[in-house]
Amino acid sequence: MTSGVVERRYRHVRRNFAMFFADYLLFGIAYALTSPSAVVPEFISRLTTDERVIGLAGSMSTLVWLAPQLLFSQFVTRGTRRKPYIYASPTLRTMIPLFALLIAVFGGPPINATAILICFFITNGLFWIGDGLVTIAWADMLGSSLDAKARSRLYGFGQFGVAIGALVARQIAAHLLAPEGPMFPFNYAALFGVAGVIFVLGGISLALLREEDHGGTVKPGPTLREFMPYIGKVLREDGKFRHFIITRLFFDLSTLALPFYILLGTDVLKRDSSSLVGDSILLTTLGNATLSLFNGWLSSKFGPTAVIRGMSLFKIGMPAAALLAIATGSVTGVHAAFFMLGAINGAFTPGFFDWLITHAPDDRRPIYVGLTNTISAFGNIAPLIGGVILNYAKTAYSGMEGGAGASYAILFWIALGAAAIGAVLTLGLSEPRQAQPVAA
């Protein structure tokens, strides 16, 4: 590719890198404050003891974010511009500060737990559905605005910045959730309020992106009538993409126990919830920070497939560490699991996400992203299923010595099996950068 084409295609690279980085950093910090795997399950468990509701709350963000993306991709590809969808981001992200306000309204005394739960599912559902729409356009703009080397730097420095920023988030969470902090649920209202403001600031950064001129290479996508046949053709004819989808599905299924690591610490190991939530944020941050720059280098040097293979080891390690915690009665295994969760979170973007946007054809990238994420949504109902399994297991082991630990162990063994299958499948995963030359 000639330098003239590269200059035309990447003429806003500095501005766009800065805006992508700002959103990457701000979104990551806000996400750490409202972690669906730690903060949300603990918050919801204070409002209800129903494991099915807790599991649904923990998985809802991923499920409603992923499921509609295939439909969204059809709308996005009808035109050649993506920026109009990005403009919605700041408004959509106001759902989180709105939820914080509603917690304060229904926080009592007495606490209206039902109203808070309803508000949680509505506001957070709208937030993640809206972010799913924005993500389709965001992914395409990222792929068309930054080359592979620049994306690798963004992932590495972005994840490292998020990790450092999340240390501050950990202190905020520890202060607000401590016994001497605000009373429940106003402590969580403050937590979601701070996170909500940060989310909105990240959305403003996205709105300041500049869309690159595709030079006529991007054509409108298939019509609604042509869309499903086109999807079928992609799945039939693109064997590398199909292998990628299957691999990711097994890793998604390994999230079966994700909302229950924090509850393992409080329910079985009897650790204080406020300190454990703070520890979980810190350890997830450390795991992310420790490997973020390495993942950026690994992605730049060897490509996203190498990152995915490295991530698979931590996918296996998480449930294994939880099983060790159950066997020994030590919280160290739970701490190790959260450290590995941070490593996994830090590897997802330079791994799975970059594999996808590198492999996908430039003019059909939104469709590939939407299809992948919609299929992945089926795997991400796993935490809800995990909640059902845990509920029945607790009933079955009720009254038995060690019954609580045995109930959780069933969940983690299933998660371990799914992760192990996914790890084996990564061995046959192709490297997209070898098949698609990177623009200089």
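The values are calculated or read from the model by the stated rules, or taken from the named source; none is laboratory data. Note that the coordinates shown come from a computational prediction; the quantities given were computed from them, not determined experimentally. Every residue, glycine among them, receives a Cβ derived from its backbone with ideal geometry; neighbour counts consider all protein chains shown.
I want to confirm something. Restricting to the stretch 237-261 and keeping residues that are in contact (Cβ under 8 Å) with a residue 40 or more places away in the chain and small (Gly, Ala, Ser), which single residue is surrounded by the fewest Cβ atoms within 10 Å (Cβ to Cβ)?
Ser254
From the list Leu298, Leu282, Leu324, Leu264, which one is surrounded by fewer than 24 Cβ atoms within 10 Å (Cβ to Cβ) and more than 21 Å from the chain's Cα centre (by Cα)?
Only one candidate qualifies: Leu324.
Can you tell me how many residues in the stretch 75-94 are in contact (Cβ under 8 Å) with a residue 60 or more places away in the chain and over 13 Å from Gly202 (Cα atoms)?
The number of residues fulfilling the criteria is 8.
Counting only residues that are under 30 Å from Gly55 (Cα atoms), give me the helices (runs of 4 or more DSSP H) lying completely in the stretch 222-318 with at least 2 of them.
The qualifying helices (runs of 4 or more DSSP H) are 239-253, 273-302.
Does Arg81 satisfy the condition of being touching a Gly at 6+ places or on another chain (Cβ under 8 Å) and among the basic types (Lys, Arg)?
It is false that Arg81 is touching a Gly at 6+ places or on another chain (Cβ under 8 Å) and among the basic types (Lys, Arg).
Looking only at the stretch 343-397, which residues are without any contact (Cβ under 8 Å) to a residue 12 or more places away in the chain and not aliphatic (A, V, I, L, M)?
Pro361, Tyr392, Thr395, Tyr397, listed by residue number.
Looking at Arg93, Arg81 in this structure, which one is farther than 26 Å from Ile172 by Cβ and not β-branched (Val, Ile, Thr)?
None of the other options fit; the residue is Arg81.
When only residues in the stretch 186-228 that are over 24 Å from the mean Cα position of the chain (by Cα), modelled with pLDDT under 90 and crowded, with 16+ Cβ neighbours inside 10 Å count, which is nearest to Lys83 (Cα to Cα)?
Of everything passing the filter in the stretch 186-228, Glu211 is nearest to Lys83 (Cα to Cα).
Find the residue count for the stretch 153-175, including only residues that are closer than 25 Å to Leu98 by Cα and buried (at least 21 other Cβ atoms within 10 Å of the Cβ).
5
Filter the stretch 38-81 down to the residues that are under 30 Å from Ile367 (Cα atoms), not in a helix (DSSP H, G or I) and not hydrophobic (A, V, I, L, M, F, W, C) and list them by number.
Those that are under 30 Å from Ile367 (Cα atoms), not in a helix (DSSP H, G or I) and not hydrophobic (A, V, I, L, M, F, W, C): Pro68, Thr77, Arg78, Gly79, Thr80, Arg81.
For the stretch 387-404, what are the residues that are modelled with pLDDT of 75 or more and within 29 Å of the chain's Cα centre (by Cα)?
Gly387, Val388, Ile389, Leu390, Asn391, Tyr392, Ala393, Lys394
Please verify whether the stretch 424-433 includes one or more residues that are at pLDDT 90 or above, surrounded by fewer than 21 Cβ atoms within 10 Å (Cβ to Cβ) and either within 18 Å of the chain's Cα centre (by Cα) or part of a helix (DSSP H, G or I) (or both).
yes
Arg15 - would you say it is at pLDDT below 85 and of a type in the set (Lys, Arg)?
no
Scan the stretch 176-185 for residues that are surrounded by 18 or more Cβ atoms within 10 Å (Cβ to Cβ) and either without any contact (Cβ under 8 Å) to a residue 40 or more places away in the chain or part of a helix (DSSP H, G or I) (or both) and report the count.
2
Somewhere in the stretch 69-88, is a residue surrounded by fewer than 16 Cβ atoms within 10 Å (Cβ to Cβ), at pLDDT below 85 and polar (S, T, N, Q)?
yes
Does Ala409 qualify as being over 17 Å from the mean Cα position of the chain (by Cα), at pLDDT below 80 and either crowded, with 22+ Cβ neighbours inside 10 Å or more than 18 Å from Phe250 (Cα to Cα) (or both)?
no
Restricting to the stretch 143-152, what's the tally of residues that are surrounded by 19 or more Cβ atoms within 10 Å (Cβ to Cβ) and either farther than 23 Å from Thr372 by Cβ or modelled with pLDDT of 85 or more (or both)?
0
Which one is modelled with the highest pLDDT among residues in the stretch 267-280 that are farther than 27 Å from Ser312 by Cα and of a type in the set (S, T, N, Q)?
Ser275
Filter the stretch 319-355 for residues that are in contact with an Asp or Glu (Cβ under 9 Å, 6 or more places away or on another chain) and outside any helix (DSSP H, G or I) and give the result.
The one that is in contact with an Asp or Glu (Cβ under 9 Å, 6 or more places away or on another chain) and outside any helix (DSSP H, G or I): Val331.
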